[in-house]
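Note sheet for the following structure.
The values are calculated or read from the model by the stated rules, or taken from the named source; none is laboratory data. Everything quoted here is computed from the prediction, not taken from an experiment. Reconstructed Cβ throughout: ideal geometry from the backbone, glycine too, with neighbour counts over all protein chains shown.
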Amino acid sequence: MFKYFLKHIALTHLFIFVLLSTPSLSKELLMLTDDGPPHMIEASKSGIDIDIAREVLQELGYSVKVSFAPLKRSMLQVANNQADLFLPTFFQNDTAKLFISAPIIKYRPTVFSLKKHNFQFEKISDLSGKSLITFQGAAGYFGEEFVNISQGKNYSELHDMSKFPEMLIKERCEVIVLDYYIFYYFLQKYLKKNPTQQFFLKGIDTFEFFPQVNAHVGFHDVGLRDKFNKQFQRYKAQAKDQLVIEKYIDHVEF
């Protein structure tokens, strides 16, 4: 009986040791982001960027709580150690309070037009004179040539990007300039509501001559950033990031 008791105590201690030494999901991180489907979707607390970052962190043994706020506020909160990380961030270097990850996805500014027009675009200046719709603030992203185009009477910047595919299909414009993933995400939604127009999925030309833009995660803790970067390399090597993208977009070309 005494031997049994000692054995039981030893096994209990071993069990406790294993629990304490094994990474668990008990350490919760607070991720801040803004609403911008399909990269970040507030309604489901998911999206391409969110899922990629969250899955990498879960592989490291963390759980992740997602909260939504304007990105400038999110950045300040992470810098002040009121949250652990925020995304996305672009064109930013490390500071004393923020540490920027390796890029987790490339945003793909793309030109879309209807095939029936047979447009051939190879550079920004080719868009001159076309009826063009793009996202708010686009004139500040693509250089002087695009600024010149933005001053034309046929140029518009709109806030509600969900309507862009419909506007192209109904020929309310000749050209859309938008991130590849955003456009196809909303195109899929439009075609699901209008199944008789499915043929438009193959009736749209795409032109990608704008430079792609790296999207990063900003961390307050440099050690967590470094661990994230190492794990993301393993994650990406298994093409798990592409699987995430394909969850949200049926029609995707890498």
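Only one of LYS123, LYS97 is touching a helix residue (DSSP H, G or I) at 6+ places or on another chain (Cβ under 7 Å) and either over 17 Å from THR33 (Cα atoms) or in the same structural domain as PRO165 (by TED's automatic domain parsing) (or both). Can you tell me which?
That would be LYS97, the only listed residue that is touching a helix residue (DSSP H, G or I) at 6+ places or on another chain (Cβ under 7 Å) and either over 17 Å from THR33 (Cα atoms) or in the same structural domain as PRO165 (by TED's automatic domain parsing) (or both).
In the range 156-164 there is at least one residue matching the filter, namely being in a helix (DSSP H, G or I), under 22 Å from VAL213 (Cα atoms) and in contact with a Lys or Arg (Cβ under 9 Å, 6 or more places away or on another chain). Looking only at the range 206-244, count how many residues are hydrophobic (A, V, I, L, M, F, W, C) and closer than 21 Å to LEU71 by Cα. Final tally of qualifying residues: 7.
Against the numbered list (1) assigned to a helix (DSSP H, G or I); (2) of a type in the set (A, V, I, L, M, F, W, C); (3) within 21 Å of PRO37 (Cβ to Cβ); (4) at pLDDT 95 or above, LEU178 comes up short only at (1).
Restricting the search to helices (runs of 4 or more DSSP H) fully inside the range 1-113 and requiring at least 3 residues that are at pLDDT 95 or above gives 48-59, 71-79. When the residues of the range 114-154 are filtered to those that are outside any loop (DSSP other than H, G, I, E, B) and acidic (Asp, Glu), the one that is nearest to PRO165 (Cα to Cα) is ASP126.
Whether any residue in the range 205-216 is more than 15 Å from the chain's Cα centre (by Cα) and closer than 29 Å to VAL78 by Cα is what I want to check. Outline the logic, then answer.
Let us first name the residues in the range 205-216 that are more than 15 Å from the chain's Cα centre (by Cα), namely 205-211.
So of that shortlist, the ones also closer than 29 Å to VAL78 by Cα come out as 211.
Yes, because at least one residue in the range 205-216 is more than 15 Å from the chain's Cα centre (by Cα) and closer than 29 Å to VAL78 by Cα.
Per the conditions (1) free of Cβ contacts under 8 Å to residues at least 60 places away in the same chain; (2) under 29 Å from TYR184 (Cβ atoms); (3) hydrophobic (A, V, I, L, M, F, W, C), the sole criterion not satisfied by LEU76 is (2). Of the residues making up the range 220-240, one or more are without any contact (Cβ under 8 Å) to a residue 24 or more places away in the chain, hydrophobic (A, V, I, L, M, F, W, C) and assigned by TED's automatic domain parsing to the domain that holds GLY61. With respect to the conditions (1) in contact with a helix residue (DSSP H, G or I) (Cβ under 7 Å, 6 or more places away or on another chain); (2) at pLDDT 95 or above, PHE200 falls short on a single one, namely (2).
Just name the residue that is surrounded by the most Cβ atoms within 10 Å (Cβ to Cβ) out of those in the range 163-172 that are more than 13 Å from ILE182 (Cβ to Cβ) and of a type in the set (D, E, K, R). Looking at the filtered set, the residue picked out is GLU166.
Conditions (1) in contact with a Ser or Thr (Cβ under 9 Å, 6 or more places away or on another chain); (2) assigned to a helix (DSSP H, G or I); (3) under 20 Å from PRO88 (Cβ atoms), marked per residue:
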residue	(1), (2), (3)
LEU168	yes, yes, no
PHE186	yes, yes, yes
LYS192	no, yes, no
THR196	no, yes, no
PHE210	yes, no, yes
GLY223	no, yes, no
PHE228	yes, yes, yes
LEU243	no, yes, yes
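Being surrounded by fewer than 14 Cβ atoms within 10 Å (Cβ to Cβ) and among the acidic types (Asp, Glu) is true for just one of ASP160, ASP126, ASP84. Which residue is that? Explain how you work it out, then say what you get.
Values: ASP126 fails: surrounded by fewer than 14 Cβ atoms within 10 Å (Cβ to Cβ); ASP84 fails: surrounded by fewer than 14 Cβ atoms within 10 Å (Cβ to Cβ).
On inspection, the qualifying residue turns out to be ASP160.
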